[in-house]
Amino acid sequence: MKRISLAHIKADCKGKVVEISAGTNLQNKLMNLGVYKGKEIRKLSHIGLQGPVVIKVGRSILALGHSLAVKVMLEQE
Amino acid sequence: MIKRIYLIGNPNVGKSVVFSRLTGVQVISSNYPGTTVELSKGYLSLGGEKIEVVDLPGTYSLESTSKAEEVAVSLLKEYSKNEIAVLNILDSTNLERNLLLTLQLIEAGFPVIACLNMCDDAAHRGVHLDIKKLEGILGIPVISTCAITGVGIKQLIERIPEASPAHRNKISHEELWKEIGRVIDQVQRLEHRHHSIREILEDASVRPFTGVLMATGVIYVSFKIVRFTGEMIINKMADPLFINFYQPLLERLSSSWQEKGFWFHLLIGDLLNQKIDFKQSLGVLTTAPYIEFGMVLPYVISFYFILSLLEDIGYLPRLAILLDNLLHRLGLHGYAIIPVLLGFGCNVPGILATRVLESKRERFIASTIISIGVPCVPLQAMIFGLLGKFGGFYVAGVYLVLLILVVILGLILNRVLTGYSPEFLLEIPPYRFPSLRMLWQKLYFRIRGFLIEAAPVVLIGVAAINILIYFNLFDIISGVFAPVIHNLFGLPKEAIIALVIGFLRKDVAVGMLMPLGLSAKQLFIAATLLAISFPCIAAFIVLWKELGWKYLIKSTLIMAAVSVIVGATLNFLILH
């Protein structure tokens, strides 16, 4: 088990969300889209070095800005 | 007694299509979140009663996290709960995420009906839902529909009176998600399928290398199709109609005209070699309809065809994530590309669509960039029509200048303006096969909107110019501005007419330049100036409404300064 941020995990890897160190509003927004503590998500791609991160959660595909992706910590098997 | 029906649901689940089906009111729908930024209202006859139906902006949950969501949630509280029915529209292909709002609505005590939309797409993707079981678990009526084809709509209307509050205890978000997981396990069965071409393309468009490759291809092909279709309509339809049918009619009228006084001047305009010239006569019956129907309308049709197609397929949000990096430097995020693209059609819907951006700062930057650096279709059509004959180099030059301007302006505004730019978070919709019927409806809707707004203004504009010219009033204005226009921009003093008229409508303004016999350089400068100087009156009013007068003044000052600097720079840089 290792902790790694969504921005740093490799594309096409899965991980379980363990922490979202963002403000309440952002946490709620992610929560409403199905991204919350304990949820397993898969990173699809990363557009450029500082670009957005594309993830798959449930049946939805979401794009998170780089600065937001840094705040989402995952636990990888 | 139900007094009002609300349509509520996550963004991009087809609320607007259901709304159109229920009320017959045509509204624009697209395959991306946030198409509906304004409320639409219509009426539905139910048991002989006319009930108001309100289409709310998309919301993921009842705790509002954005402006559009706030509007949706506050409206729900306008009537007491026994006087309304809440029609919760869900995306059948993504039930899990959609159920959060449904459970919250039931918890809050609203009389809810769930409408599982896009059932055909779910079947295509191998998603099978047990509707009866879901009805039992939720305790509310659940109807499966496909609004685009109309399947299930009749049943939906029949069951609206069944709406009544169900009982649920309030639980936390985490518990809600856990419960949703259990519900999904019971009602949803996923058929295992191999990846379809659609899914492979969906995936490729959000990866860095293949994504950029696809984006380049899509933009190039779109541009080619817009040009090709536009020119085809002009050469094969518009021009033959004007020259073979309309012109002989006008020639007869003109030759039987006895006294060629004020009215002749107003309606027909000047004759060239005793003949009417649609591009140069400047009459209300000659040049005005030719500009609108012969030069601009063909491109309006071709542009909106491609834009509507891209919207319905669901490509635009993918473009947004690819451009996010770049737009970040200009103080925007990727989603700003959608208002910008709409602005290329007409600045007014473009500026309105900046509502999808969260902060005032972003909206100000995006609106200013749209009004300065994004030329609308009518203006572009005229630029192509006029500058094209000097070669593609000049046309490309106008776009290049505008692009450079947008980048510089964005970089500066991003530095200077205070305030925050929120984090980028966007749901990427799946690709959907556009329904031809919907596409046609949307195209018709947009073209009709264009004609209603543009045609009268063009006629009045050309009439006003003719009156001013006839009574020599423009000489006074051009006398005052001649030194600026001539010395700074290298344009003849008559060009001031065009710049002034540009405030009314850009296409007419370029039309004013046609009889002046300008050189390629002069035309290039004038066209660029028309693009960056004040937006037309309609866009101006929207800017004021959306941003308030303080921001409008800021935006206007920036435009004036930029116009003078760019005009003068181009004049001194280009030697011939």
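So, restricting to helices (runs of 4 or more DSSP H) that lie completely within the stretch B:274-371, which ones have at least 1 residues that are within 13 Å of another protein chain (Cβ to nearest Cβ)?
Here the list reads B:316-329, B:337-345.
Would you check if B:V221 is in contact with a helix residue (DSSP H, G or I) (Cβ under 7 Å, 6 or more places away or on another chain) and in a helix (DSSP H, G or I)?
Answer is no for this residue.
Looking at (1) without any contact (Cβ under 8 Å) to a residue 12 or more places away in the chain; (2) at positive phi, which is the only condition B:S256 fails?
(2)
If I ask for residues that are part of a loop (DSSP other than H, G, I, E, B) and more than 10 Å from chain A (Cβ to nearest Cβ), which ones from the stretch B:61-113 would you list?
B:L76, B:K77, B:E78, B:Y79, B:S80, B:A108, B:G109, B:F110, B:P111 - these are the residues of the stretch B:61-113 that are part of a loop (DSSP other than H, G, I, E, B) and more than 10 Å from chain A (Cβ to nearest Cβ).
If only one of B:S66, B:S61, B:S74 is among the polar types (S, T, N, Q), surrounded by fewer than 18 Cβ atoms within 10 Å (Cβ to Cβ) and more than 30 Å from B:R193 (Cβ to Cβ), which one is it?
B:S74
Restricting attention to the stretch A:63-77, and to residues there that are at the interface with chain B (Cβ under 7 Å from one of its Cβ atoms) and crowded, with 23+ Cβ neighbours inside 10 Å, which single residue is modelled with the lowest pLDDT?
Ranking the qualifying residues of the stretch A:63-77, first place goes to A:G65.
Only one of (1) charged (D, E, K, R); (2) in a helix (DSSP H, G or I); (3) buried (at least 16 other Cβ atoms within 10 Å of the Cβ) is not met by B:R227, so which one is it?
B:R227 satisfies every listed condition except (3).
Got a sec? Which of B:F474, B:F450 is within 24 Å of the chain's Cα centre (by Cα) and surrounded by 16 or more Cβ atoms within 10 Å (Cβ to Cβ)?
Residue meeting the stated conditions: B:F450.
Pick from the stretch A:12-52 the residues that are more than 8 Å from every other protein chain (Cβ to nearest Cβ), of a type outside the set (D, E, K, R) and not in a strand (DSSP E or B): which of them is farthest from B:E179 (Cα to Cα)?
A:L49
Could we say that B:V212 is facing another protein chain (nearest Cβ under 10 Å) and either farther than 17 Å from B:L116 by Cβ or surrounded by 14 or more Cβ atoms within 10 Å (Cβ to Cβ) (or both) here?
For B:V212, the condition - facing another protein chain (nearest Cβ under 10 Å) and either farther than 17 Å from B:L116 by Cβ or surrounded by 14 or more Cβ atoms within 10 Å (Cβ to Cβ) (or both) - is met.
Run A:I9 past the list (1) of a type in the set (V, I, T); (2) within 21 Å of B:L201 (Cα to Cα); (3) not in a strand (DSSP E or B) and report the number of the one that doesn't hold.
Just one mismatch for A:I9, condition (2).
Taking only pairs six or more apart or across chains, which ones have beta-carbon atoms under 9 Å, a first residue in the stretch B:411-440 that is within 11 Å of chain A (Cβ to nearest Cβ), and a second residue that is outside any loop (DSSP other than H, G, I, E, B) and aromatic (F, W, Y)?
B:F424/B:Y335; B:L426/B:Y335
Quick one: in the stretch B:119-163, which of the residues that are among the small types (G, A, S) and surrounded by 15 or more Cβ atoms within 10 Å (Cβ to Cβ) is farthest from A:S60 (Cα to Cα)?
Out of the qualifying residues, it is B:A163.
Would the stretch B:374-381 turn up any residue that is within 14 Å of chain A (Cβ to nearest Cβ), of a type in the set (G, A, S) and over 16 Å from B:F540 (Cα atoms)?
Checked the stretch B:374-381: no residue is within 14 Å of chain A (Cβ to nearest Cβ), of a type in the set (G, A, S) and over 16 Å from B:F540 (Cα atoms).
State all residues of the stretch B:452-493 that are without any contact (Cβ under 8 Å) to a residue 24 or more places away in the chain, of a type outside the set (A, V, I, L, M) and not in a loop (DSSP other than H, G, I, E, B); if no residue qualifies, say none.
The answer is B:P456, B:F474, B:D475, B:S478, B:G479, B:F481, B:P483, B:H486, B:N487.
So B:A527 fits all but one of (1) among the hydrophobic types (A, V, I, L, M, F, W, C); (2) closer than 24 Å to B:G294 by Cβ; (3) without any contact (Cβ under 8 Å) to a residue 60 or more places away in the chain; what number is the exception?
B:A527 satisfies every listed condition except (3).
The values are calculated or read from the model by the stated rules, or taken from the named source; none is laboratory data. Small disclaimer: the values here were computed from a predicted structure and weren't measured. We place every Cβ from the backbone using ideal geometry, glycine too, and count neighbours over all the protein chains shown.
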